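Here's the structure, in structure tokens; my notes come after.
The values are calculated or read from the model by the stated rules, or taken from the named source; none is laboratory data. Given the structure is predicted, the values throughout are model-derived calculations rather than measurements. Here Cβ is always computed from backbone atoms with ideal geometry, including for glycine, and neighbour counts include all displayed protein chains.
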Amino acid sequence: MAEDRRGQRPSRGGSGAGRGGSAGGRGGASSRGASSSSRGSDSRGDSRSGSGRSSGGDSRGRGRDEQPRGKGGSSRGGYQGKSGDGRSSGSQQRAFRGRSEEKPRTADQAAYDGPDLPENVTGAELDRGVRAQLKGLPEKLAARVARHLAAAGMFIDENPELAYQHALAARARASRIAVVREAAGEAAYAAGHYAEALSELRAAKRMNGATDYLPIMADCHRALGNPEQAIKLAKSPSVANFSSEAKAEMTLVEAGARRDMGQLDAALRTLELAPLTSKSRSSWVVRLRYAYADTLEAAGRESDALAWFHRTHAIDSEELTDAAERADQLERRQP
């Protein structure tokens, strides 16, 4: 039976930074003007045709056959026509071609542009702490980064891939700000880009030393097929200082990693150390109970699983899980 990871993934609460949105706008690149200096022609007349020195003659009067030739007799520079006023039309032709041929935008340029920003997103939707981290940027840049971050937060549940694209646009403009990398990591995680999420959250952790990302990072390791690394993060000393909710998130990931390795008994022991009987009706308690019931069923303890599915449903007022349905299925199988 394929494992149902509902109720086991860590929530994207984090430190709250990744749910906001920001976008910054870098000024347009300035084009360099190309200046050319023309050298006067030397009227020394050692003509190769054996004619005498030209006195005041126009050297441009030579025909094409008199142009210096390279190998095979072809003209070294090729023929360039003259405009009516005597100026070469080659530069004009090149300028015309430059205007008429637009290069397609690269992937990096497209990521920098980002998706269109909703008109109603201003950046003021961000937490004050997030906006404070953007104050070191130029004003216009900070405003655009903020809008992309706010858009990422707005779309992260309903359209996580779009949220991720907004987060990438923010990162392209402000990659050295921790809250931007955190937002990119959380959006990547929501969109299922686990390797990218892990990379972004590692970068954020290096910048600000925060450990709030550890549960999501551990679950990324699980999704990438590295349960051992997930368990290693779950054993980090900093987990002891987590809030009850964050500890529950890490417990869920560790138990899931144990199941990935076929260690059902170890997964049950991990969950049994958590506050399964807490009187709180918070979502993290609901998810702990659901994970425990699901693991009991996987271990073949259907009677115990049925009891815990009922306990889960009793506090799941928001219907975060399908505990009632799972309990009904088990009851039908009971003798």
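Just to be sure, is LEU201 touching a helix residue (DSSP H, G or I) at 6+ places or on another chain (Cβ under 8 Å), outside the structural domain of ALA167 (by TED's automatic domain parsing) and more than 19 Å from TYR290 (Cα to Cα)? Reasoning before the result, please.
Numbers: touching a helix residue (DSSP H, G or I) at 6+ places or on another chain (Cβ under 8 Å): yes; outside the structural domain of ALA167 (by TED's automatic domain parsing): no; more than 19 Å from TYR290 (Cα to Cα): yes.
Spelling it out, it is not the case that LEU201 is touching a helix residue (DSSP H, G or I) at 6+ places or on another chain (Cβ under 8 Å), outside the structural domain of ALA167 (by TED's automatic domain parsing) and more than 19 Å from TYR290 (Cα to Cα).
State all residues of the stretch 170-189 that are surrounded by 24 or more Cβ atoms within 10 Å (Cβ to Cβ) and over 19 Å from LYS140 (Cβ atoms); if no residue qualifies, say none. Even if it seems obvious, please write down each step before you answer.
Taking the stretch 170-189 first, the residues surrounded by 24 or more Cβ atoms within 10 Å (Cβ to Cβ) are 170-171, 174, 177, 179-189.
The answer is ARG181, GLU182, ALA183, ALA184, GLY185, GLU186, ALA187, ALA188, TYR189.
Considering ARG147, ARG181, the condition of being out of contact with any helix residue (DSSP H, G or I) (no Cβ under 6 Å at 6 or more places or on another chain), closer than 29 Å to GLN109 by Cβ, among the charged types (D, E, K, R) and assigned to a helix (DSSP H, G or I) is satisfied by ARG147 alone.
Considering ALA204, ALA146, which residue is on the phi < 0 side of the Ramachandran plot and in contact with a Leu (Cβ under 9 Å, 6 or more places away or on another chain)? Write out each step before concluding.
Details: ALA204 fails: in contact with a Leu (Cβ under 9 Å, 6 or more places away or on another chain).
Unique residue meeting the criteria: ALA146.
So, in the stretch 246-266, exactly how many residues are among the acidic types (Asp, Glu) and under 26 Å from the mean Cα position of the chain (by Cα)? Don't jump to the end; show me each part of the working.
The initial filter retains those residues of the stretch 246-266 that are among the acidic types (Asp, Glu), namely 249, 254, 260, 265.
With the extra rule that they be under 26 Å from the mean Cα position of the chain (by Cα), the set shrinks to 249, 254.
Of the residues in the stretch 246-266, 2 are among the acidic types (Asp, Glu) and under 26 Å from the mean Cα position of the chain (by Cα).
Tell me, which helices (runs of 4 or more DSSP H) wholly within the stretch 194-308 include 1 or more residues that are within 29 Å of SER175 (Cβ to Cβ)? The qualifying helices (runs of 4 or more DSSP H) are 194-208, 214-223, 227-234, 244-260. Restricting the first member to the stretch 148-176 and to residues that are in the same structural domain as ALA203 (by TED's automatic domain parsing), and the second to residues that are among the polar types (S, T, N, Q) and in a loop (DSSP other than H, G, I, E, B), the beta-carbon pairs closer than 6 Å and six or more apart or on different chains are HIS148/SER22; LEU149/SER22; ALA170/SER22. Applying a threshold of 9 Å to beta carbon distances and a minimum spacing of six or more residues, or different chains, the list of pairs starting in the stretch 309-335 at a residue that is exposed (fewer than 13 other Cβ atoms within 10 Å of the Cβ) and ending at one that is outside any helix (DSSP H, G or I) and not hydroxyl-bearing (Ser, Thr, Tyr) reads SER317/ARG281. The condition of being exposed (fewer than 15 other Cβ atoms within 10 Å of the Cβ), within 29 Å of the chain's Cα centre (by Cα) and of a type outside the set (Asp, Glu) holds for only one of SER303, SER283, SER243, SER199, that being SER243.
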